[in-house]
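K.L.:
Please find one structure pasted underneath; my questions will follow.
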Amino acid sequence: MPAPSSIIPLPRKIDVINIGLPLFEESIRSQGAPVIGVDWQIPCGGESDVISALARLTGPKSSIIDAANAEVVARLNNGAPLLKGVERAGAVVPGMSERTLLHCGPAIAWADMCDPLRRSIKSAIVAEGWAGNIEAAARLIASREIELRPANEHSTVVPMATVIGPSAPVYVVENEMGRTIAFSSINQGAGETQWFGVDSSLAIDRLFFIRDVIGPVIGEAIARRGAIDVLSLAAQGVVMGDDVHIRVQATTCLLLRDLLPFLMRISRPGAGEAADFLSRNHTMFLNIAMAAAKSLVDSAAKVENSSVVTTMSRNGVTYGIRLAGLERWFLAAAPPIQKALYFPGHGPEASAADIGDSAVLELIGLGGAVSANSPAVAGFLGGRMSDAIAATRKMQRICAGESRSFLLPILENAGAPLGVDVRRVVELAITPAVNTGVIHAFSGVGQIGAGVASAPIDCFTQALMDLDQRIM
């Protein structure tokens with residue numbers, strides 16, 4: 001018999017699946033051969049202790065966590081936040097004294113705060129009547145007579161660099177099914193405003209106007225109308241192109257249409273000025289949606305042994321998250337706004353780091369979670385709807401469930417991704433993308449653009465490691 005040939009014949013046709021490094025995929029494709037690329041990387045950056053923790057949390061401990069996560073997602077889905085009215089913060093916000101200021105993000109000392117947040121605090125002090133001007137406000141802070149507290153720890157959320165004192169009017173949103181009540185400030189609109197880190201006389205005058213005119217007018221309109229189903233309005237806004245975060249025009253119009261008959265019957269002084277302001281403020285619904293989201297996540301936060309994030313917030317210096325069933329914050333440095341469009345004359349070199357409590361919206365299926373359905377958001381992601389769809393697809397990969405309230409027509413009415421799971425975030429190295437505004441870092445000129453910021457992974461890794469230690 002002839003000796004077997006040592007030459008192995010090569011196949012005439014090769015189909016390639018490349019896993020990991022895209023260099024091989026690109027080389028094969030450049031030669032005209034078919035290739036499928038699989039986006040894969042070593043989990044957890046290859047850190048052995050994190051990989052071991054993840055293996056336990058997705059293996060032996062997963063039944064405990066999955067059951068808790070199912071309850072968290074159910075609470076996020078089943079809650080029905082109702083806007084009940086407008087009240088004085090000091091009268092309704094739990095644990096708020098008459099010398100307390102509530103700020104966005106995790107706790108932070110005055111000496112460590114970013115410039116916009118410091119300016120906002122000084123504006124709030126003057127608006128409270130505790131100091132006659134900005135300079136005196138700074139001296140009062142130095143005397144430590146004012147208590148600075150994170151709004152999130154008092155059932156409250158505030159957007160961007162907002163700081164509120166006891167005299168500020170707040171929305172009261174009740175989630176009866178979750179047995180939670182949450183609060184948020186009234187949106188201050190565009191221009192020189194405190195929520196954009198401005199401490200000018202115009203910004204302080206706007207605070208007086210919100211307190212003395214807008215708050216009472218909206219409060220009376222809601223009292224006449226009765227409780228408003230917040231998620232119903234938000235759901236309608238989503239299918240009209242809102243992400244209910246950086247674009248809330250449609251939802252705001254729905255709110256004002258609902259309130260219009262009752263606003264028309266108000267005869268108190270300033271009603272005409274209030275109508276002018278409301279007609280121009282396209283971000284009016286933002287704060288209401290935030291309070292509704294806070295009422296949902298606070299209900300979900302009562303569930304123990306969950307890997308779902310129920311607090312996500314930033315103060316311009318630190319980025320903090322908290323898991324359901326745990327009051328502890330996990331912190332990392334606040335990131336820059338990575339994908340942004342700037343007003344003329346401004347750019348990334350002058351932008352402040354990510355700031356505000358509004359990231360709570362991404363935790364209930366709004367904001368970045370519904371980017372796929374928002375042409376406005378697509379503009380910040382390259383301009384194509386495919387980019388916006390990809391953003392939502394990424395959120396789907398790191399979430400434990402999907403929303404029954406917020407449906408995405410562009411994705412065949414799939415529910416928005418809901419319930420950010422730290423296990424998936426750390427394994428895939430995909431963090432939540434948060435749609436947000438951009439404010440000037442140091443000049444006090446206010447908003448200079450808007451964009452999308454990705455959360456830092458360090459705080460999610462810390463939370464994962466802590467969860468592994470807590471569940472035996």
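K.L.:
Net charge near residue 313: determine it from the other residues with C-beta under 12 Å of the C-beta of residue 313, scoring Lys and Arg +1 and Asp and Glu -1. Could the numbers behind the result be given before it?
P.N.:
On the way: positive: 294, 314, 322; negative: 153, 354, 357, 362.
Charge balance near residue 313 sits at -1.
K.L.:
Under the definition of Cα pairs under 8 Å and six or more residues apart, what whole-number percent is the relative contact order of the chain? Before the final figure, lay out each step's value.
P.N.:
Working: 1064 pairs, mean separation 86.7, N = 472.
So the answer I get is 18 percent.
K.L.:
Summing -39500 (n - 2.57) over the DSSP H runs of n ≥ 4 in the chain and dividing by its residue number, what mean residue ellipticity at 222 nm do you reach, to the nearest 500 deg cm²/dmol? Each step should come with its number before you reach the end.
P.N.:
Working: 16 runs with 173 residues, N = 472.
Estimated from H runs of four or more residues: -11000 deg cm²/dmol.
K.L.:
Let me ask something additional. Based solely on C-alpha atoms, express the radius of gyration and the Dmax of the chain in angstrom.
P.N.:
Computed over the Cα atoms of the chain, radius of gyration and Dmax are 24.3, 110 Å.
K.L.:
Along each of the three principal axes of the Cα atoms of the range 132-258, give the extent in whole Å, ordering the values from largest to smallest.
P.N.:
The Cα atoms of the range 132-258 stretch 48, 34, 28 Å along their principal axes.
K.L.:
Amide H neighbours of residue 302 under 5 Å, counting only residues 5+ apart in sequence or on other chains, H built in-plane at 1.01 Å?
P.N.:
Sorted by chain and number, the residues that satisfy this are 325.
K.L.:
When the Cα centres of the range 106-156 and the range 399-472 are compared, how far apart do they sit, in Å?
P.N.:
If you average the Cα positions of each part, the centres end up 28 Å apart.
K.L.:
Continuing with the same structure: If you average the sequence gap of Cα pairs under 8 Å that are 6 or more apart and divide by the length of the range 279-355, what percent do you get for the contact order?
P.N.:
Numbers: 95 pairs, mean separation 17.7, N = 77.
Relative contact order for the range 279-355 comes out at 23 percent.
K.L.:
Show me the ranking of peptides 207-219, 53-65, 423-435 by mean Cβ neighbours inside 10 Å, starting with the highest.
P.N.:
Details: 207-219: 20.2, 53-65: 16.2, 423-435: 22.7.
Going by the mean number of other Cβ atoms within 10 Å, highest first, we get 423-435, 207-219, 53-65.
K.L.:
HN-Hα J couplings of the range 97-107 from phi, Karplus 6.51/-1.76/1.60, θ = phi - 60°, integer Hz, Gly and Pro as x?
P.N.:
Along the range 97-107, the couplings run 8, 7, 10, 10, 10, 9, 10, 6, x, x, 4 Hz.
K.L.:
A follow-up question, please. Residue 199: net charge of surrounding residues, Cβ under 13 Å, Lys/Arg +1, Asp/Glu -1, itself excluded? The partial results should precede the final answer.
P.N.:
Values: positive: 118, 119, 122, 206; negative: 115, 135, 192, 205.
So the surrounding residues net to 0.
K.L.:
If you don't mind, there's one more thing I want to ask. Give a residue-ordered list of calculated ³J(HN,Hα) values for the range 304-319 (Karplus: 6.51 cos²θ - 1.76 cosθ + 1.60, θ = phi - 60°; whole Hz; x for Gly, Pro).
P.N.:
These are the phi-based 3J(HN,Hα) values: 8, 6, 9, 9, 8, 7, 10, 9, 8, 7, 9, 10, x, 10, 10, 10 Hz.
K.L.:
Taking H placed 1.01 Å from N in the peptide plane, check which residues at least 5 places from residue 85 or on another chain put their amide H under 5 Å from its amide H.
P.N.:
Residues meeting the amide H criterion: 172.
K.L.:
Right, next: For the range 35-141, what D do you get in µm² per second when you plug the Kirkwood radius from alpha-carbon pairs into Stokes-Einstein at 20 °C and 1.002 mPa s?
P.N.:
This corresponds to a translational diffusion coefficient of 109 µm²/s.
K.L.:
What residues qualify as long-range amide H neighbours of residue 418, i.e. H under 5 Å apart, gap of 5 or more or another chain, H built at 1.01 Å from N?
P.N.:
The list, which skips near neighbours in sequence, is 400, 401, 402, 403.
K.L.:
Averaged over every viewing direction, what's the projected area of the C-alpha convex hull for the range 88-163? Give it in nm², one decimal, please. Don't skip to the end; give the middle numbers.
P.N.:
On the way: hull surface 18.6 nm².
Dividing the Cα hull surface by four gives the mean projection, 4.7 nm².
K.L.:
Still on this structure: For the range 368-434, state the average projected area of the convex hull of the C-alpha atoms over all orientations, rounded to one decimal in nm².
P.N.:
On the way: hull surface 16.6 nm².
The number I arrive at for the range 368-434 is 4.2 nm².
K.L.:
Once each part is reduced to its C-alpha centroid, what is the distance from the range 293-308 to the range 25-48 in angstrom?
P.N.:
37
K.L.:
Given the range 130-241, what percent of its DSSP beta bridges are antiparallel, to the nearest 5?
P.N.:
On the way: 6 of 8 bridges.
Percent antiparallel among DSSP bridges in the range 130-241 is about 75.
K.L.:
Run through all the Cα pairs of the range 169-242 and give the fraction in each 5 Å bin from 0, expressed as whole percent.
P.N.:
Result, from short to long distances: 3, 13, 17, 19, 19, 17, 10, 3, 0 percent.
K.L.:
Apply the Karplus curve 6.51 cos²θ - 1.76 cosθ + 1.60, θ = phi - 60°, to the phi angles in the range 327-342 and return the couplings in whole Hz, x for Gly and Pro.
P.N.:
So the Karplus estimates, Gly and Pro as x, are 8, 5, 8, 10, 10, 8, 5, 5, x, x, 7, 6, 10, 9, 10, 10 Hz.
K.L.:
For the range 319-472, just say rounded, prolate or oblate: build the C-alpha gyration tensor, square-root its eigenvalues into a ≥ b ≥ c, call rounded for a/c under 1.5, and beyond that prolate if a/b exceeds b/c, oblate if not.
P.N.:
On the way: a/c = 2.28, a/b = 1.20, b/c = 1.91.
It is oblate, given that a/c is not under 1.5 and a/b is not larger than b/c.
A short reminder: the numbers here are calculations on the coordinates, not readings from a lab. Every value quoted in this text rests on a predicted model; they were computed, and no experiment measured them. All Cβ positions, even for glycine, are placed from backbone atoms using ideal geometry, and neighbour counts span all protein chains on display.
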